[in-house]
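To start, the structure under review is shown below, and the notes come after it.
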Amino acid sequence: MLPDTMDFVVTTLLNALTLISILMLVGLGLAISFGLMNVTNLAHGEFVTVGAFAVYFVQSIGGSFWLGLAAAPIAGAVVGCILEFAIIRHLYSRPVSTVLATWGVSLILQQGLELTFGLGAKPVTPPIEGTLDLFFTVYPAYRLILIAIAMLTLLGVVLLISRTSFGLDIRTVIQNREMAEGVGINTRRTYAIAFTFGAAIAGLAGGLVAPLAIVLPQMGVNYLANAFFVVIVGGVGSIGGLVAGSVFVGGLTSVLNYQISPSLAQAIVLLAAIVAVRLRPNGLFNGASR
Amino acid sequence: MIARDRNWLLIFAVCAALAVIYPLFADGYQLTVIRDALIFGLFAASLDFFWGRTGILCFGHAAFFGIGGYIMALITLNDAIPFGSLLGIMGAVAGAAFVAAIIGYFLFFGGIRGSYFTIVTLAMGVICQQAAVSWSSVTGGDSGLIGIPPIAFDVGGMHVDLSQDLPSYIFVTAIVAVVVLALWSISRGRWGTVLTAIQDNEVRAAALGHNAPLRLLVTFVLSAAIAGLAGALYVCMAGLVAPDLSGLLLSTEVIVWVAVGGRGTLLGPVLGAIAIQRAQQTISSFNPSLWPLLLGCVFVIIVFVLPDGILSIYARLKSLFKGRRQAR
């Protein structure tokens, strides 16, 4: 293969991998709340925004990027915990009301951030400038760090769910809520913790993406639509589905971004996702078994 | 049921009478304000026809409004096309219905319902807005298209020209009244009964021989067609079309109009649209960025305090007094 082509292929792959890892982190919280608890949380995108603003805020008062990145999941968790406690726990049996209420919260959060921090995009500087020579191509070093952190986080979540007793609790509550109550698991608390946890991971994703993205109060909605499609396309209820959905949405977006304008690419990806849902209603990952 | 029908028709008649005598008391500017509010009321009624009857929330209804608006603008701005206004309205209705038919086919026959449907339609609104922004050679990009002429056509030797305030007000009021009445008679008849059955239990309705996906699809397409009509009317009255008209914020607002006015009443959403737009204009004149904040609060308040809309206050008061009388 020609060196130029090789360079192009590797760069495209790494760009796709960056997007895929972000989508996986954002989608994880939705897979928990939407896929497993059956709560349609339209304020999920704002957890990403809050994470990105946390990094901006810490940097603006003189802190380092890494301190900001540590604050991002905490900020996401705090907002998520308040949301669950104040609103979502009262609406578990009213799905349409949940949609309306969480959308209201998302508008309130967006406008609240705008009133607090003012109009316009917020600058966030990456911790590392420069590129890394990867033999085939040169690639921004920060993006490689982002991919690594995202993958490690995902690995940690998988271990948490499959190996710890809290993970066992979550899996039990998801499989059969009444049975879980019966064996003495506090399902409300489990839901609350799982929801907060998903919000924290989305906040982390926002912090990671902040140096690459345009940090705006309204940035969340783009991640929201994509993350929902990750969950729906991939199939609900498994890490495998999450990975499959992220690869579908993230991969297609990255490849299309070379050919056409980003907003058109976004539109085509969402259309492709709608078609994919029609062809495989149970998700890409579950298609074979059902 | 019959008593409720009579109540509904009574309220409808009162509203229609108020709309007819309003021009006697209002100046030209006030007429145009109410006229535009009525167009959005028609849009709200179109969403209510689908959401109120099926219980499935469409979160991208502004997509159809915007599609109708853009088609109307493109046809009337092209001098080569004769009968621009009439063809534009027909094209807008057909275009919105066509898009709804395609998307609805994939969703309803794919078994997508409930929250899944809401999310896909939310993305549909995002898609439409971004397509309008990025396809700038046709849609004018971010700034949209301007200079759309007012509706004018000839019917049976009669020349209709809606460039003046009063004729356009009468035209819009008549259309809204006819459409709302038509939607009401559809939804209280057999069609509406079957939809209610599907909403209650789709599997059971299908077992009784109803083709549930087809019913939902046709209802969705009809709803989208009326949204397209509202969009076409709006851009002619406003003289411009912009990507915002298919965007998320408008989709959000129309949901609030329906939810505040009372879902499933068709007339409530129209009144809700008019009332909230007046409130919006007042509030936005203080501080434009305050409005989305209040909109968000309204969502939360509706869910917790008024799940059946403002009209339910009356029903609640009535049952409260009834309860007291019986207690005595």
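For the criterion of being over 30 Å from residue B:56 (Cβ atoms), assigned to a strand (DSSP E or B) and either of a type in the set (Phe, Trp, Tyr) or open to solvent by 70 Å² or more (accessible area, probe 1.4 Å) (or both), residue B:142 fails. Can you spot a residue in region A:52-72 that is crowded, with 18+ Cβ neighbours inside 10 Å, within 14 Å of another protein chain (Cβ to nearest Cβ) and either modelled with pLDDT under 85 or over 16 Å from residue A:199 (Cα atoms) (or both)? No, that holds for no residue. Right, residue B:74: of a type outside the set (D, E, K, R), touching a strand residue (DSSP E or B) at 6+ places or on another chain (Cβ under 8 Å), more than 14 Å from every other protein chain (Cβ to nearest Cβ) and part of a helix (DSSP H, G or I) or not? Against the criterion (of a type outside the set (D, E, K, R), touching a strand residue (DSSP E or B) at 6+ places or on another chain (Cβ under 8 Å), more than 14 Å from every other protein chain (Cβ to nearest Cβ) and part of a helix (DSSP H, G or I)), residue B:74 qualifies.
Filtering region A:17-44 to residues that are of a type in the set (Gly, Ala, Ser) and either open to solvent by less than 10 Å² (accessible area, probe 1.4 Å) or touching a strand residue (DSSP E or B) at 6+ places or on another chain (Cβ under 9 Å) (or both) leaves A:21, A:27, A:29, A:33, A:43.
Restricted to region A:28-43, and to residues there that are assigned to a helix (DSSP H, G or I) and within 14 Å of chain B (Cβ to nearest Cβ), the residue that is farthest from the chain's Cα centre (by Cα) is A:36. Among the residues making up region B:181-218, those that are among the β-branched types (Val, Ile, Thr) and either surrounded by 15 or more Cβ atoms within 10 Å (Cβ to Cβ) or touching a residue at least 12 places away in the same chain (Cβ under 8 Å) (or both) are B:186, B:194, B:196, B:198, B:218.
Has region A:252-260 got any residue that is surrounded by 18 or more Cβ atoms within 10 Å (Cβ to Cβ), at pLDDT 80 or above, under 16 Å from residue A:229 (Cα atoms) and not hydrophobic (A, V, I, L, M, F, W, C)? Yes, region A:252-260 has at least one match.
Which residue is farthest from the other protein chains (Cβ to nearest Cβ), if the candidates are limited to region B:94-124 and must be under 26 Å from residue B:75 (Cβ atoms) and among the aromatic types (Phe, Trp, Tyr)? Per the stated criteria, the residue is B:98.
A Cβ distance below 7 Å, combined with a sequence gap of six or more or placement on separate chains, defines the contacts here; from region B:285-305, residues that are open to solvent by less than 50 Å² (accessible area, probe 1.4 Å) reach residues that are hydroxyl-bearing (Ser, Thr, Tyr) in the pairs B:291/B:284; B:295/B:252; B:303/A:97.
Among the residues making up region A:196-224, a single one is modelled with pLDDT of 90 or more and among the aromatic types (Phe, Trp, Tyr): A:197.
Every condition in (1) in contact with a helix residue (DSSP H, G or I) (Cβ under 6 Å, 6 or more places away or on another chain); (2) hydrophobic (A, V, I, L, M, F, W, C); (3) free of Cβ contacts under 8 Å to residues at least 40 places away in the same chain is met by residue B:221 except one, and the failing one is (3).
Considered as a group, the residues in region B:233-258 that are among the β-branched types (Val, Ile, Thr) and touching a His at 6+ places or on another chain (Cβ under 9 Å) include one that is nearest to residue B:39 (Cα to Cα), and that residue is B:254. Taken as a whole, region A:90-99 holds at least one residue that is crowded, with 23+ Cβ neighbours inside 10 Å and over 30 Å from residue A:132 (Cβ atoms).
Filtering region A:83-108 to residues that are within 20 Å of residue B:294 (Cβ to Cβ) and among the hydrophobic types (A, V, I, L, M, F, W, C) leaves A:83, A:86, A:87, A:99, A:100, A:101, A:103, A:105, A:107, A:108.
Against the conditions (1) crowded, with 22+ Cβ neighbours inside 10 Å; (2) of a type outside the set (A, V, I, L, M, F, W, C); (3) assigned to a helix (DSSP H, G or I), residue B:282 satisfies every one except (1).
Consider residue B:171 against the criteria (1) open to solvent by less than 60 Å² (accessible area, probe 1.4 Å); (2) at pLDDT below 85; (3) under 28 Å from residue B:12 (Cβ atoms): it satisfies all of them except one. Which criterion is unmet? All conditions are met except number (2). Only a single item in (1) over 12 Å from the mean Cα position of the chain (by Cα); (2) surrounded by fewer than 24 Cβ atoms within 10 Å (Cβ to Cβ) is not met by residue B:250, and it is number (1).
The residues of region B:17-50 that are farther than 22 Å from residue B:256 by Cβ and either among the β-branched types (Val, Ile, Thr) or open to solvent by 40 Å² or more (accessible area, probe 1.4 Å) (or both), listed by number, are B:17, B:18, B:20, B:21, B:22, B:24, B:25, B:27, B:29, B:30, B:32.
Residues of region A:235-247 being crowded, with 24+ Cβ neighbours inside 10 Å and either at pLDDT 85 or above or within 13 Å of another protein chain (Cβ to nearest Cβ) (or both), which ones? Spell out how you get there, then give the answer.
Going through region A:235-247, the residues crowded, with 24+ Cβ neighbours inside 10 Å turn out to be A:235, A:241-242, A:245-246.
The answer is A:235, A:242, A:245, A:246.
All conditions in (1) surrounded by fewer than 19 Cβ atoms within 10 Å (Cβ to Cβ); (2) within 12 Å of another protein chain (Cβ to nearest Cβ); (3) within 29 Å of residue B:199 (Cα to Cα) hold for residue A:118, with the sole exception of (3). Of the residues making up region A:92-114, those that are without any contact (Cβ under 8 Å) to a residue 40 or more places away in the chain and within 21 Å of residue B:56 (Cβ to Cβ) number 7.
Is it the case that residue B:127 is facing chain A (nearest Cβ under 9 Å), in contact (Cβ under 8 Å) with a residue 40 or more places away in the chain, in a helix (DSSP H, G or I) and open to solvent by 10 Å² or more (accessible area, probe 1.4 Å)?
So residue B:127 fits the description; yes.
Take region B:285-307 and flag every residue that is part of a helix (DSSP H, G or I), of a type outside the set (Phe, Trp, Tyr) and within 13 Å of chain A (Cβ to nearest Cβ).
Across region B:285-307, the qualifying residues are B:290, B:292, B:293, B:294, B:295, B:296, B:297, B:298, B:300, B:301, B:302, B:303.
The values are calculated or read from the model by the stated rules, or taken from the named source; none is laboratory data. Fair warning: this is a prediction, and the values are worked out from it, not measured in the lab. Please note: Cβ atoms are built from the backbone with ideal geometry, for glycine as well, and neighbour counts cover all protein chains shown. Accessible surface is based on the protein model in full, side chains and every heavy atom, while ligands, DNA and RNA are left aside. Shrake-Rupley method; radii C 1.70, N 1.55, O 1.52, S 1.80 Å.
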